[in-house]
Amino acid sequence: MKTLQVYDPAMCCSSGVCGPDIDPILPQVAGFLHQLKEHGVVVERYNLSQQPLAFVQNPKVKLLLQTEGVEALPLFFIDGELALKGSYPDHDKRKEWMLL
C-alpha cells in the first residue's frame, strides 16, 4: 500500500481552505488527496501551525527546514522519499500520482 505524506506550511486550518483569501490550488489538492484515499493510498497531512512536532520528528523534513527554511514547504513524500518540495502538485503531477 502506498503512502503519501504532505507537510504544509502554517495555515489557518488543516486544509487551508478557509478564510477570505483562499489559494485556488488548495481546494484542488484537498480533492486530489481525497481521491487518493479512495484509491487505497494512505494519506498523512501535517500543518506546521497545528502539528509542529510531526515536522521535527521526521529527520528529512527537519533537515530541509534547517537548510532551506519554511520556503521548502510544502513537502510531499511518497513512501518516505521526497517527491516534491516548495509547491503543490500541478494538474500533470496530480495525474501522474493517481497511478500510485
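Nothing in this text is a laboratory measurement; each read-out follows from the coordinates by a stated rule. Bear in mind the structure is a predicted one, so any value in this text is a computation, not a measurement. Reconstructed Cβ throughout: ideal geometry from the backbone, glycine too, with neighbour counts over all protein chains shown.
Building the convex hull from the alpha-carbon atoms of the chain and averaging its projection over directions returns 6.1 nm².
Distance between the modelled labels on residue 62 and residue 99, one decimal in nanometres: 3.5 nm (7 Å Cα→Cβ projection).
Hey, which of these cross-link pairs are over 18 Å Cα-Cα: 2/95; 2/93; 37/60; 60/93; 37/85; 62/93? Over 18 Å apart, Cα to Cα: 37/60; 60/93; 37/85; 62/93.
Ranking of 73, 53 by neighbouring Cβ atoms within 10 Å, starting from the fewest: 53, 73. Where Lys and Arg each count +1 and Asp and Glu each count -1, what net charge lies around residue 8 among other residues with Cβ under 14 Å from its Cβ? Spelling it out: positives minus negatives among the neighbours equals -1. Label sites at residue 84 and residue 53, each approximated as a point 7 angstrom past Cα along Cα to Cβ, lie 2.9 nm apart.
Scalar couplings 3J(HN,Hα) for the stretch 84-98, obtained by applying the Karplus form with A = 6.51, B = -1.76, C = 1.60 to θ = phi - 60°, are 6, 9, x, 7, 8, x, 7, 4, 5, 5, 5, 4, 4, 6, 5 Hz; x denotes Gly and Pro.
Annotation: for a label point projected 7 angstrom from Cα along Cα→Cβ of residue 2, residues of the stretch 55-81 with backbone N closer than 15 Å are 76-81.
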